[in-house]
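A short write-up of the structure that comes next.
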Amino acid sequence: MKKIVSILKNKEIMNRLLFTLLILFIFRIGAQITVPGVKLGDDLNQYLSQNNALSLMNLLGGGTLQTFSIFALGVSPYITAQIIIQLLSTDVLPAMTELKRQGQYGRKKIEMATRYLTLLLGAVQAYGIIRTMENSDYITFVTADNEWLTYIYIVLVMMAGSMLVMWLGDQISVKGIGNGISMIIFAGIVSSLPRQISTAFSKWVLQTVGMGDNAQIAGVFQFVLYVVMYLLIISFVTFVELSQRKIPVQHSGKGGGQTQSMARASFLPIKINSAGVIPVIFASSLMMAPQVIVAFIDPNLSTAGWLDVFNTSKWVQMGGTGWYMPWGLIIYIVLTIAFTFFYANMQINPEQIAENFQKSGSYIPGIKPGNETERYVRKVLNRVTVIGALALAFIAALPPILTLSGAFGNDSSLALGGTGLIIVVGVALELNNQIDGLLAGKSFDEVVAGGGR
């Protein structure tokens, strides 16, 4: 309560919050404007709630794909472009690696390259989505006098919408609070949570009215259990996001008067989930790639049965036998774990850490500087990443697992966990840290001002 009062009294934080809410309000208005010339099919919402290839894009866009709005692409092309540019900057493309080392100038060039790549990926994704959804009758064109001109028009509208979403995100980052792109994704996901809870309440409580006392008690119990499980999963995700392994570090440049408490305060933190949600997004993008490629080669093949291998919520029959395997889910889990290790080693570079320790005169007690320090940090990173990768894969795979098990019948929208929950918790923690930083800055200014008087 004290923190809320402090936020309300802080003029800078309130201005930033109001500006952020204004931008998010504009985004939600645009999310409801369907692309002109497109008519939505009746089964589109049901299709996008089945944890298929396009469900993640709908999630990252804040539900914009289910209305096929002008913001239907959301920030998905930008996120994918960022991941690709980061991969190219890790000694894969020497020119990009050199730009990364050139400070502010290099960052501006890399950001420009990211935006150009976003346009390219946006065009590819838009066309793939249009062809896939059109062939399945989830959307139809109102006017189709010239088919190719219609495609070009809709692709351009969707690309323009994606760039506008990027601009809105930049405004939040500069004048609002939190990371703009993350806040737009956060707002879209949070907006769907009340609908999910109300659907569960209707399914287990309202629909059991008049069916007898036993049925009503069972329904209320199921709903309460559902809410409790939701809170437990949120707690688990928060625990994973906050967990870290602290490697003690000492600094040879400090004097001998250093106290024991100060020595304990010096450590290298390695998060259990250093990669964040990026591995899940990248794995999902790869799972969606075959469908997009097929839409380019032959749109009639976009409904082919073999594409079910990349659907995380379908059982695939093994040849002519009676055996079924969830190949899409298995591939998804393997990709998520693999990318978690890969991206964690990108985010925390043991070689660079060892080099920086030598330059600053820091060292890990009992570990020799140089190669031995690098090996030790890499070993610790890989060990904690095992836990993080398994936890991330479990949370991300929970919705398709529940869908495949039939736990919620045909309503897969009630499935718990998933990428959305990881994003919501991560952004909420980041937002809380930024607010704490702004409040701490104000308190420091007040102390300085008081001392000056």
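The values are calculated or read from the model by the stated rules, or taken from the named source; none is laboratory data. Note that the coordinates shown come from a computational prediction; the quantities given were computed from them, not determined experimentally. Positions of Cβ are generated from backbone atoms using ideal geometry, with glycine treated the same way; all protein chains shown enter the neighbour counts. Ligands, DNA and RNA are stripped out before the accessible areas are found, and what is left, the full protein with its side chains, is counted by its heavy atoms. Shrake-Rupley method; radii C 1.70, N 1.55, O 1.52, S 1.80 Å.
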message = Need pairs with beta-carbon distance below 9 Å; first residue over 13 Å from GLU351 (Cβ atoms) and modelled with pLDDT of 90 or more and within the stretch 365-387, second among the polar types (S, T, N, Q) and in a helix (DSSP H, G or I); sequence gap 6+ or separate chains.
response = ASN382/ASN345; THR385/THR340; THR385/ASN345
Of residues in the stretch 312-337 being without any contact (Cβ under 8 Å) to a residue 40 or more places away in the chain and not in a loop (DSSP other than H, G, I, E, B), the one nearest to THR80 (Cα to Cα) = VAL334
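Across the stretch 334-369, what is the total count of residues that are open to solvent by less than 50 Å² (accessible area, probe 1.4 Å), over 14 Å from ILE281 (Cβ atoms) and either under 19 Å from the mean Cα position of the chain (by Cα) or not aliphatic (A, V, I, L, M) (or both)? Don't jump to the end; show me each part of the working.
In the first step, residues of the stretch 334-369 are kept if they are open to solvent by less than 50 Å² (accessible area, probe 1.4 Å); the result is 335-337, 339-340, 343-346, 348, 350, 353-354, 357, 361-362, 364, 367.
Pick out the ones that are also over 14 Å from ILE281 (Cβ atoms) and you get 337, 344-346, 348, 350, 353-354, 357, 361-362, 364, 367.
Subset that is either under 19 Å from the mean Cα position of the chain (by Cα) or not aliphatic (A, V, I, L, M) (or both): 337, 344-346, 350, 357, 361-362.
Count: 8.
Name the residues in the stretch 347-392 that are among the polar types (S, T, N, Q), touching a helix residue (DSSP H, G or I) at 6+ places or on another chain (Cβ under 6 Å) and either closer than 30 Å to ILE422 by Cβ or in a loop (DSSP other than H, G, I, E, B) (or both), would you? It would help to see each step written out before you state the result.
Going residue by residue through the stretch 347-392, those that are among the polar types (S, T, N, Q) are 347, 349, 352, 356, 358, 360, 362, 371, 373, 382, 385.
Going one step further and asking which of them are touching a helix residue (DSSP H, G or I) at 6+ places or on another chain (Cβ under 6 Å), we end up with 373, 385.
Of everything in the stretch 347-392, just one residue is among the polar types (S, T, N, Q), touching a helix residue (DSSP H, G or I) at 6+ places or on another chain (Cβ under 6 Å) and either closer than 30 Å to ILE422 by Cβ or in a loop (DSSP other than H, G, I, E, B) (or both), namely THR385.
For the subset of the stretch 36-69 comprising residues that are touching a strand residue (DSSP E or B) at 6+ places or on another chain (Cβ under 8 Å) and buried (at least 19 other Cβ atoms within 10 Å of the Cβ), which member is modelled with the lowest pLDDT?
Initially, the stretch 36-69 is screened for residues touching a strand residue (DSSP E or B) at 6+ places or on another chain (Cβ under 8 Å), giving 37-41, 44, 67-69.
Those still in the list that are buried (at least 19 other Cβ atoms within 10 Å of the Cβ) too: 38, 44, 67-69.
On the way: VAL38: 86, LEU44: 75, THR67: 85, PHE68: 87, SER69: 90.
So, considering only residues that are touching a strand residue (DSSP E or B) at 6+ places or on another chain (Cβ under 8 Å) and buried (at least 19 other Cβ atoms within 10 Å of the Cβ), the one modelled with the lowest pLDDT is LEU44.
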ask   = Of the conditions (1) touching a helix residue (DSSP H, G or I) at 6+ places or on another chain (Cβ under 6 Å); (2) hydrophobic (A, V, I, L, M, F, W, C); (3) modelled with pLDDT under 85, LEU193 fails just one. Which one is it?
value = (1)
task = Evaluate the following for LYS246: is it open to solvent by 20 Å² or more (accessible area, probe 1.4 Å), part of a helix (DSSP H, G or I) and among the charged types (D, E, K, R)?
result = no
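Could you list, in sequence order, the residues of the stretch 157-167 that are of a type outside the set (A, V, I, L, M) and buried (at least 16 other Cβ atoms within 10 Å of the Cβ)?
Taking the stretch 157-167 first, the residues of a type outside the set (A, V, I, L, M) are 161-162, 167.
GLY161, SER162 - these are the residues of the stretch 157-167 that are of a type outside the set (A, V, I, L, M) and buried (at least 16 other Cβ atoms within 10 Å of the Cβ).
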query = Which ranges mark the helices (runs of 4 or more DSSP H) fully within the stretch 1-67 that have 3 or more residues being among the β-branched types (Val, Ile, Thr) and at negative phi?
reply = 2-9, 11-31
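Considering SER274, SER302, SER261, which residue is at pLDDT below 60 and surrounded by 14 or more Cβ atoms within 10 Å (Cβ to Cβ)? Quick ask: steps written out before the conclusion?
Numbers: SER274 fails: at pLDDT below 60; SER261 fails: surrounded by 14 or more Cβ atoms within 10 Å (Cβ to Cβ).
None of the others qualify; the one that does is SER302.
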request  = Scan the stretch 1-21 for residues that are modelled with pLDDT of 85 or more, open to solvent by 90 Å² or more (accessible area, probe 1.4 Å) and hydrophobic (A, V, I, L, M, F, W, C) and jot them down.
outcome  = LEU18, LEU21
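Which residue is most open to solvent (accessible area, probe 1.4 Å), if the candidates are limited to the stretch 168-211 and must be among the hydroxyl-bearing types (Ser, Thr, Tyr) and over 30 Å from GLY437 (Cα atoms)?
Taking the stretch 168-211 as the starting set, the residues that turn out to be among the hydroxyl-bearing types (Ser, Thr, Tyr) are 173, 182, 191-192, 198-199, 202, 208.
Among the residues that remain, those that are also over 30 Å from GLY437 (Cα atoms) are: 198-199, 202, 208.
Details: SER198: 63, THR199: 45, SER202: 39, THR208: 19 Å².
So the residue we want is SER198.
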ask   = From the set of residues in the stretch 412-449 that are among the β-branched types (Val, Ile, Thr) and under 17 Å from the mean Cα position of the chain (by Cα), which is modelled with the lowest pLDDT?
value = THR419
request  = Evaluate the stretch 76-85: report whether one residue or more is in a loop (DSSP other than H, G, I, E, B) and in contact (Cβ under 8 Å) with a residue 40 or more places away in the chain.
outcome  = no
